[in-house]
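Okay, structure first, notes after.
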Amino acid sequence: MSIDKITPEDYNKLPTDFSEKLKAGNINDKDWDKQIDAKASNRQVGGDHYKKLAIQPAEYCYKNKLNNLESEAVGYITRSRFKNGSEDIKKAIHTLEILLEYMDN
């Protein structure tokens with residue numbers, strides 16, 4: 001993420017000392033990118049399908065206290081249009097079927 005594309009949310013997530021440097025104009029693009037990329041939630045291993053989204057499925061699931069099966073289904077549904085299409089929808093359905101089994105027993 002470039003320094004010229006900072007959002008208020010990105011700015012608020014920065015460590016205080018980094019925010020002070022940014023306010024003072026003591027940060028260049030390279031340092032900015034290094035700081036942003038240092039956060040695990042700003043990186044993706046194995047593709048970029050989640051990086052295209054306004055909010056990552058992991059953040060959505062965490063903030064909404066979804067369990068593992070619910071989270072898996074959200075992830076499959078979210079990535080389906082970028083990655084594996086109908087296969088991901090089938091995986092989401094299967095995951096939700098497993099969830100129903102557990103809920104019914």
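Things worth noting here:
- Checking each residue in the range 81-105 for being outside any helix (DSSP H, G or I) and over 19 Å from residue 53 (Cα atoms) picks out only 105.
- Condition check for residue 29 on (1) at pLDDT 70 or above; (2) over 11 Å from the mean Cα position of the chain (by Cα); (3) open to solvent by 70 Å² or more (accessible area, probe 1.4 Å); (4) under 22 Å from residue 9 (Cβ atoms): one failure, at (1).
- Residue 71 vs. criteria surrounded by 13 or more Cβ atoms within 10 Å (Cβ to Cβ) and modelled with pLDDT of 90 or more: yes
- Residue in the range 51-65 that is buried (at least 16 other Cβ atoms within 10 Å of the Cβ) and modelled with pLDDT of 90 or more present: yes
The values are calculated or read from the model by the stated rules, or taken from the named source; none is laboratory data. Worth saying up front: this structure is predicted, and the values here are computed from it rather than measured. Note that each Cβ is placed from the backbone with ideal geometry, even for glycine, and that neighbours are counted across all protein chains shown. In case anyone asks, the SASA skips ligands and DNA or RNA and just uses the protein heavy atoms, side chains included. Shrake-Rupley method; radii C 1.70, N 1.55, O 1.52, S 1.80 Å.
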